[in-house]
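Visitor: My structure is below; once you've seen it, I'll send some questions.
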Amino acid sequence: MKLTKYLPLAAALVALPAMGFAQEAEMAADMTPPNEEIGYIFTTFMFLVTGFLVMWMGAGFSMLEAGLVRSKNVAMQLTKNIALFAIAAVMYYIIGYNLMYPGDAWSITNVLGAFSMTSLEPVGGSPDTDLTYASVGSDFFFQLMFCATTASIVSGTLAERIKLWPFLIFTVVLTGFIYPIQASWKWGGGFLDANYGFLDFAGSTVVHSVGGWAALAGALILGPRIGKYKDGKVTAFPGSNLPLATLGTFILWLGWFGFNGGSQLYMDTAGNVADISRIFANTNTAAAGGAIAALIVTQLVYGKVDLTMVLNGSLAGLVSITAEPLTPTLGAATLIGAVGGIIVVFAVPLLDKLKIDDVVGAIPVHLFCGVYGTIAVVFTNPDATLGGQLISIVIVGAFTFVVSGIVWFILKMVMGIRVSEEEEIMGLDKGELGMEAYPEFYKG
C-alpha cells in the first residue's frame with residue numbers, strides 16, 4: 001500500500017528519457033537543411049576535397065622533375081615548383097579568376113574579360129545567395145589549382161639551363177593572363193564554347209596543351225642543353241633518382257582523381273555522384289592503359305623496358321582521358337589511355353630528331369596527348385564535332401604559342417633566360433642558388 005504512492009513518480013522518471021529522445025528527434029528534424037542547401041554543402045565540399053587533391057599534384061610534379069634531372073639541378077627544380085605555385089596563387093587571385101570568369105563584364109564580348117580584382121569578401125565570407133551551386137571560395141580554390149598545374153608543366157621541359165627569375169616572370173604572365181584568357185573562351189562562356197561547341201571536360205587542351213605550347217615556345221628559344229645533340233648523336237642524361245620520379249608519378253596519378261572528378265562541378269544528386277564514380281574509374285584505367293602500352297612498346301622497339309617511358313606512359317593516359325572522362329566505357333577509356341602511352345614512346349625520339357630538348361618529356365605527354373585526347377572526345381561523346389574540336393585546338397595552340405614566344409623573346413632580349421656555360425656545367429644548384437640538394441654525394 002505504501003508503494004502505490006510512488007508509482008506516479010516512477011512513471012514520470014521512466015517517461016523522462018523518452019521525452020528527451022523525442023526532443024532530440026524534433027531538434028534534428030528542425031536542423032535538417034533544405035534540399036538546395038544540401039546540394040550547396042556537398043558541391044562545396046567536393047570542390048575543397050578535389051581541389052587539395054589537385055594541389056597535391058604540385059608535389060607530384062616536384063618529385064617527378066627532381067628525379068628526372070641530374071643531381072646538380074635538383075634544388076633548382078624544387079625551388080621553381082614551390083615558387084610557381086605561390087606565384088600562381090597570387091596572380092590568379094589578383095587578375096586570373098575574374099578574367100577567366102568575367103560573367104557580364106567582358107571587355108571584348110566572349111573574347112576578353114574585364115581586368116578586375118577578386119573580392120576577398122565572397123571568397124572568405126558568408127554563403128552565396130545562390131544555394132543551388134557552391135561557395136565562391138571553394139570554386140576559386142579548385143580553379144586555382146588548374147592554373148598552377150599549367151605552370152608546373154613548363155618547369156620540367158626547360159630544366160637544367162634556364163635562369164630562375166626569367167622563368168618566374170614568365171610564370172606571372174602565364175598564370176595571370178595567358179591561361180585565364182584562353183580558359184575563359186571555353187569555361188568562362190567564351191566564343192569557343194558558344195560558337196564551336198568545344199568540349200574539354202577537365203582540360204586536355206585548356207590546361208595540358210597550353211602548358212605544352214608554352215614549354216615548346218620556351219624550349220625553341222632557350223635551346224638544348226650543352227652536349228645533348230653533338231655530331232649527329234643524341235646524348236642521354238640519366239635522371240638522378242628514379243624512385244623519386246616513380247613516387248612523383250603515383251602522386252600525380254592520385255591527384256588526377258581530383259582533377260577529373262571535381263570537373264563534374266556538381267555533387268548535389270545521386271546521378272552526379274554516380275558520374276563522379278565513373279570518372280574516377282575511367283581516369284584510373286586510362287592511366288593503366290597508358291603505362292601498359294608504354295611497357296610493351298618499349299620492349300618491342302628497344303628490346304628492354306624503359307621505366308621513364310612507362311612513367312610518362314601513365315601520365316599520357318591521364319592527359320588523354322582528361323578531355324572526356326565521363327562518356328567512355330571502361331574498355332574505351334583503357335584504349336584511349338593506351339594510345340596516349342604509344343604516342344609518348346614515339347614522340348620523345350621525334351623531339352630529339354628535331355633537336356628540341358625536353359628534359360622530362362612534358363611536351364609529348366601534355367602537348368601531344370592533350371591534342372590527341374581532345375580529338376578523341378568525338379569517339380565517345382556524340383555532342384562533340386571533329387571540326388569544333390580541331391578549330392578550338394588550333395586557336396588555343398596558336399594563341400598560347402605566339403604569346404608565350406613573344407614573352408620568352410622579350411625576356412631573352414632584356415635580361416637573358418639562359419645561364420652561362422660555366423653555370424650549366426657546374427649545375428644550377430650551385431650556379432643559381434649556391435646550394436645543393438645532395439651535398440654529401442655531389443661529385444661535380
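Values quoted throughout were computed directly from the atomic coordinates according to the rules given, and no laboratory measurement underlies them. These numbers were taken from a predicted model, which means no experiment stands behind them. For neighbour counting, all protein chains shown are included, and Cβ atoms are generated from backbone atoms with ideal geometry for every residue, glycine included.
Visitor: Shape call for region 164-276 from the C-alpha gyration tensor, a ≥ b ≥ c root eigenvalues: rounded (a/c under 1.5), prolate (a/b greater than b/c) or oblate?
Guide: Working: a/c = 2.63, a/b = 1.56, b/c = 1.69.
The shape class here is oblate.
Visitor: What is the Cα centroid distance between region 304-320 and region 132-159, reported in whole angstrom?
Guide: 23 Å
Visitor: On to the next question. Running a GNM on the chain with Cα contacts under 10 Å, which residue among Ile181, Ile375, Ile41 ends up with the highest mean-square fluctuation?
Guide: Looking only at Ile181, Ile375, Ile41, the biggest GNM fluctuation is shown by Ile41.
Visitor: Obtain the nm distance between the two label points defined at Ile406 and Glu421 by a simple spin-label model: each point lies 7 Å from its Cα along the Cα-to-C-beta direction.
Guide: Distance between the two pseudo-spin positions: 3.4 nm.
Visitor: How do Ser392, Ser420 line up, fewest other C-beta atoms within 10 Å first? Could you put the intermediate results ahead of the total?
Guide: Details: Ser392 25, Ser420 11.
The fewest-first ordering by Cβ neighbours comes to Ser420, Ser392.
Visitor: Roughly how many whole Å is it from the C-alpha centroid of region 60-114 to that of region 172-213?
Guide: 14 Å
Visitor: If contacts are Cα pairs under 8 angstrom and at least 6 residues apart, what is the relative contact order of region 189-309 in percent?
Guide: On the way: 47 pairs, mean separation 19.5, N = 121.
So the answer I get is 16 percent.
Visitor: What does the helix-only formula give at 222 nm for the chain: each DSSP H stretch with n ≥ 4 adding -39500 (n - 2.57), the total divided by the residues, and the result rounded to the nearest 500 deg cm²/dmol?
Guide: Details: 17 runs with 285 residues, N = 444.
Helix contribution divided over all residues of the chain: -21500 deg cm²/dmol.
Visitor: Oh, and also: Which length gain, in nm to one decimal place, applies between Leu386 and Tyr438 when the Cα-Cα distance is subtracted from 0.36 nm times their residue separation?
Guide: Values: separation 52, 0.36 × 52 = 18.72 nm, distance 4.96 nm.
Extra length available between Leu386 and Tyr438 comes to 13.8 nm.
Visitor: According to the square roots a ≥ b ≥ c of the eigenvalues of the Cα gyration tensor, what is the shape class of region 202-266, taking rounded for a/c under 1.5, prolate for a/b larger than b/c otherwise, and oblate for the remainder? Spell out each step's value before the answer.
Guide: Details: a/c = 4.59, a/b = 1.66, b/c = 2.76.
Oblate, since a/c reaches 1.5 and b/c is not below a/b.
Visitor: Turning to a different aspect of this structure: I need the calculated FRET efficiency for the pair Leu242 and Val301, taking r as the beta carbon distance and R₀ as 22 Å, to the nearest 0.05. Please report the intermediate quantities before stating the final value.
Guide: Working: r = 20 Å, r/R0 = 0.90.
Using R0 = 22 Å, I get an efficiency of 0.65.
Visitor: Turning to a different aspect of this structure: Å³ per residue of the Cα convex hull, for region 237-318? Could you put the intermediate results ahead of the total?
Guide: Values: hull volume 6.7 nm³, N = 82.
Measuring per residue, one finds 81 Å³ for the Cα hull of region 237-318.
Visitor: Next up: Give me the extension gain from Ala398 to Trp56: residue separation times 0.36 nm, minus the current Cα-Cα distance, reported in nm with one decimal.
Guide: 120.1 nm
Visitor: Could you give P(r) for the chain, binned at 10 Å from zero, as whole percent values over all Cα-Cα pairs?
Guide: Each 10 Å bin holds this share of Cα pairs: 5, 20, 30, 22, 11, 5, 3, 2, 2, 1, 0, 0.
Visitor: Rounded to the nearest 20 Debye, what is the dipole magnitude of the chain about its Cα centre when Lys and Arg each give +1 and Asp and Glu each give -1 at the C-beta?
Guide: Numbers: 20 positive and 31 negative charges, 267 e Å.
The calculated dipole for the chain is roughly 1280 debye.
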